[in-house]
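Colleague: Can you keep this structure in mind? I'll have questions shortly.
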Amino acid sequence: MFKENNSHNQQELFNSFSTLHPKTQNKLENSWASIFYEQVFCKIDEQPFAVLYSPDRGRANFPVNILLALELIKHIFDYTDEILLDQYNFNYQLMFALGERNLGERYLAPRTFYHFRQKLYQYTIKHPEREDLIFGQFKTLTDHFIEQLGLDTRQQRMDSAFFMSNIKLAGRLSLAYDVLMQAL
């Protein structure tokens, strides 16, 4: 049964964060975890994932926004599943990034990850005509980042991956040749 996770929107009055030293609280609020929580975790839309769950039977799902955020964190920090689960259970900074303010409040079993991935895969195989759910979230987050940064994506430089523009290093003919070689 699908249930959206909104528990991070209303924090408890007494939680682990409120018992931290003010300087530690300030350091945590200025870390990557706070930015990740505000700019990524809160922007994850769980509603498209409701199709993975039965509408009327079974227990409520583990929060989809936490599972997706953990997958992102796994790839950002190059964690294995085992390390990621340890980080989820014992790293308060990671919990803060996921909107959890009490360490160890919610248990995440390894099988929960595997079942979620299996459901995503089976849904994608059964419905190839529909957009991939993970790609949809990635696209939504990318659009949010582009808007936040005020980027113009209508025009892209061909040498944007380099530190210095290749135009300065070569003439027009050489640059045209390099572009054609990359295209081919």
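Every number here is computed from the coordinates shown, using simple stated rules; none is lab data. What you see is a predicted model; the values in this text were computed from it and never measured. Quick reminder, even Gly has a Cβ in these numbers, built from the backbone with ideal geometry, and neighbours come from all protein chains shown.
Colleague: Once fully extended, how much extra length lies between Ala60 and Thr142, figured as 0.36 nm per residue of separation less the alpha-carbon to alpha-carbon distance?
Modeller: That works out to 26.6 nm of additional length.
Colleague: Pull out a ≥ b ≥ c, the square roots of the eigenvalues of the alpha-carbon gyration tensor of the chain, then state rounded if a/c is under 1.5, prolate if not and a/b is larger than b/c, and oblate in the remaining case.
Modeller: Verdict is oblate for the chain.
Colleague: May I ask you to sort Lys139, Lys126 by Cβ crowding, counting other Cβ atoms within 10 Å and putting the fewest first?
Modeller: Ordered by Cβ neighbours within 10 Å, fewest first: Lys126, Lys139.
Colleague: Also, quick follow-up: If packing is taken as the average number of other Cβ atoms within 10 Å across a peptide's residues, how do 50-57, 147-154 rank, most packed first?
Modeller: Order by mean packing, descending: 50-57, 147-154.
Colleague: Can you flag which of Lys119/Lys139; Lys27/Lys139; Lys43/Lys74 are past 28 Å Cα-Cα?
Modeller: Where the Cα-Cα span goes over 28 Å, the pairs concerned are Lys27/Lys139.
Colleague: Can you give me the distance in nm between label points at Phe2 and Tyr53, each placed 7 Å from the Cα along the Cα-to-Cβ direction?
Modeller: The two pseudo-label positions are separated by 0.9 nm.
Colleague: Kindly put Tyr88, Tyr37 in sequence by how many other C-beta atoms sit within 10 Å of each C-beta, fewest to most.
Modeller: With the fewest neighbours first, Tyr88, Tyr37 line up as Tyr37, Tyr88.
Colleague: What distance in nm separates the two pseudo spin-label positions at Ala183 and Lys23, each 7 Å out from Cα along the beta-carbon direction?
Modeller: In this crude spin-label approximation the distance works out to 5.9 nm.
Colleague: Label Asp86 and Glu131 with points 7 Å out from Cα along Cα→Cβ: what is the distance between them in nm?
Modeller: Output for this residue pair reads 3.8 nm.
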